[in-house]
1. Quick one: which residue in 164, 258 is free of Cβ contacts under 8 Å to residues at least 40 places away in the same chain, buried (at least 17 other Cβ atoms within 10 Å of the Cβ), touching a helix residue (DSSP H, G or I) at 6+ places or on another chain (Cβ under 6 Å) and not hydrophobic (A, V, I, L, M, F, W, C)?
2. Quick one: would you say residue 450 is more than 16 Å from the ligand (Cβ to nearest atom), within 21 Å of residue 545 (Cβ to Cβ) and part of a strand (DSSP E or B)?
3. Residue 325: surrounded by 24 or more Cβ atoms within 10 Å (Cβ to Cβ), modelled with pLDDT of 95 or more and hydroxyl-bearing (Ser, Thr, Tyr), yes or no?
4. In the list 573, 586, which residue meets the criterion of being closer than 16 Å to residue 299 by Cα, more than 16 Å from the ligand (Cβ to nearest atom) and outside any loop (DSSP other than H, G, I, E, B)?
5. Search the stretch 342-355 for residues being in a helix (DSSP H, G or I) and within 11 Å of the ligand (Cβ to nearest atom), and hand back the single one that is nearest to residue 190 (Cα to Cα).
6. Of the residues that sit in the stretch 372-413 and are assigned to a helix (DSSP H, G or I) and free of Cβ contacts under 8 Å to residues at least 40 places away in the same chain, which one is farthest from the ligand (Cβ to nearest atom)?
7. Take residue 327 and tell me if it is of a type in the set (A, V, I, L, M, F, W, C), touching a strand residue (DSSP E or B) at 6+ places or on another chain (Cβ under 7 Å), within 14 Å of the ligand (Cβ to nearest atom) and more than 29 Å from residue 422 (Cα to Cα).
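The values are calculated or read from the model by the stated rules, or taken from the named source; none is laboratory data. None of these values were measured; they are calculated from a predicted model. Heads up, the Cβs are rebuilt from the backbone with ideal geometry, glycines too, and the neighbour counts pull from every protein chain shown.
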Amino acid sequence: MCGIIGIASNKSVTSNIINSLKRLEYRGYDSAGIATISKKNLNEKKCSGRVEELEKILFNSPAQGNIGIGHVRWATHGIPNEVNAHPHSSEIVSVVHNGIIENSNSLKKKLEKEGYKFKSQTDTEVITLLITKYLKDSNPIDAVLKSLEYLEGSFALGILFKDQSDIIIGARRGSPLAVGYSNNENYLGSDSYALKAMTNKISYLDDGEICKITKDSVEFFDVSKNKINKKILVLSEDKNETKLGDYKNFMSKEIFEQPTTIKNCLNEYIDKIRNDINLYDFPIDPKKINKIFLVGCGTAYHSCQVAKYWIEELTDLNVETEVASEFRYRKIRFNPNTLYIFVSQSGETADTAAALEIAKKNKMKTCSIINVVESSIARNSDWVVPIHAGPEIGVASTKAFIGQMLVLYIMSLKISKIRGNIDDKNYIEKIKNLKNLPQGIENSLKTEELIQIFAKDFLSAKGSMFLGRGSSFPIALEGALKLKELSYLHAEGYPAGEMKHGPLALIEDGLPVIILAPKDKYFEKTISNMQEVIARGGKVLLISDKHDEVINENIRFKIEMPFIDELLNPFLLTIPLQLLAYHVALLKKCDIDKPRNLAKSVTVE
Ligand code: AGP
């Protein structure tokens, strides 16, 4: 949930550290800090708030030096203020940390008994003072390795040493850490995204490894101080670099990029000549799979729930879905013929990574559906299926959700074909329908004008309901999540058929209720649920097909969707709900790309 950067160079590092911190702000932005060493002085500057606040401080009081570390924080221990911001420094050591030290309280008590004074409420300061303690009679690497023995929990560390001003030491256990290479300059960072502005040559530390970087060298060691070699990956350049262009924020750019997201993903996986799907590296022969288990968090989990309906519809397989934070503590009966699929945009979500680790410890075959292919979850999976959505900067996930659903859909189709659950004619027809999906999304985006009007109804509302059945139910959940995280208004997604079991009590005059009712097998039932809502004063936005059976003067708005193929309805239904959340948040003047309390990648549990 935090971002760290370290640079050892032959020139001043401050501006590159600041630029990297700005690229890392998606991991947390409630406080920021930097530490550099120049002329044997350890200069630490930090503040609450965003990186631009730190920039203002540095403008008035620069931090000189050719070596330094930086940090953006999403608070876990201690309120987001200057004292608790990273780096945490003693007289001779400065540390930036991403992760949680679970035994920090007991270690703090021990260190205080030995006379060490703490300035902050953070767990990280324990690391600083442990290394300070052991540095008294050993070298930096030994002092770090000795300190790490006492830590329980997760960490990615960047460590500076006042009296060894040419080295930065990094260490990794449970939180991601990458190393970048350049001429007369080397880097340490939470992920490749932090480093990509400076280099595309990257290595990744694995758990239990440490590294020592200088401006001319990079060395890796294991916990026994044995030197190890790491592969240097040359990463692809992000063609569609994260520039805003004519958009006023990343979320609107990423919503309107979705037709292209679909096209790019289809280009990767659909063989237009043979009308087939290019997915071959299944870690289990699809004929031998007896069940599919889908795991994710938040929006990624919603894509798993939609896929459950597709797999049940297209194949003869059982399927189960679970949020990763539950999966990792449940008593799962693992089965070697079950394919465990982990869905994650960032590939760094701690709960999803932990769930994957548990499946691997139980010798299961794993697949991850990922946007950031260099991520920890990707590197830890038997099979990685990228969604090719390009960097998603807005904290509220939009194009990645569409990409996750698309990969899950084509994977379900491919498994169905291999298992003989779908005939050639139907298979080819489904693939042809997919080619119309970008245009379908384009047409759905045209609902924006009506959505903008409906959005006004939310300003005076004390909440809202999103209802759907079948594969529209997870889309109702996703629509409610988008509205919550962007506008800070209460919103609830619910199975339409469940309303009469309690939530109908919430319906009162003027309450906005969004009903997702495509012309599928649930249509009549959902419409009668809608009538129950209208009878109690609900203000209904009905999203349905082009037909006129539904006549009810009390419907506030009706959007007729350009549906293509019933199985593809979830894609098109998602678009107006993304636009609704976006416009309500705009009206409420909320921060669209960085909503309060949230971070793009939740790398702590
Ligand atoms: C998306 O709008 C949310 N911000 C959040 O639920 C997100 O989907 C979740 O944290 C999972 O992230 P991941 O896909 O990177 O694993």
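1. Step by step, each of 164, 258 is checked, and only 164 is free of Cβ contacts under 8 Å to residues at least 40 places away in the same chain, buried (at least 17 other Cβ atoms within 10 Å of the Cβ), touching a helix residue (DSSP H, G or I) at 6+ places or on another chain (Cβ under 6 Å) and not hydrophobic (A, V, I, L, M, F, W, C).
2. No, not satisfied.
3. Against the criterion (surrounded by 24 or more Cβ atoms within 10 Å (Cβ to Cβ), modelled with pLDDT of 95 or more and hydroxyl-bearing (Ser, Thr, Tyr)), residue 325 does not qualify.
4. 573
5. If we take residues in the stretch 342-355 being in a helix (DSSP H, G or I) and within 11 Å of the ligand (Cβ to nearest atom), then 350 is nearest to residue 190 (Cα to Cα).
6. The selected residue is 378.
7. So residue 327 fits the description; yes.
Quick grid of which residues meet (1) in a helix (DSSP H, G or I); (2) closer than 17 Å to residue 579 by Cβ; (3) in contact with a Ser or Thr (Cβ under 9 Å, 6 or more places away or on another chain):
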site	(1), (2), (3)
478	yes, yes, yes
497	yes, no, yes
505	yes, no, no
514	no, yes, yes
521	no, no, no
524	yes, no, no
528	yes, no, no
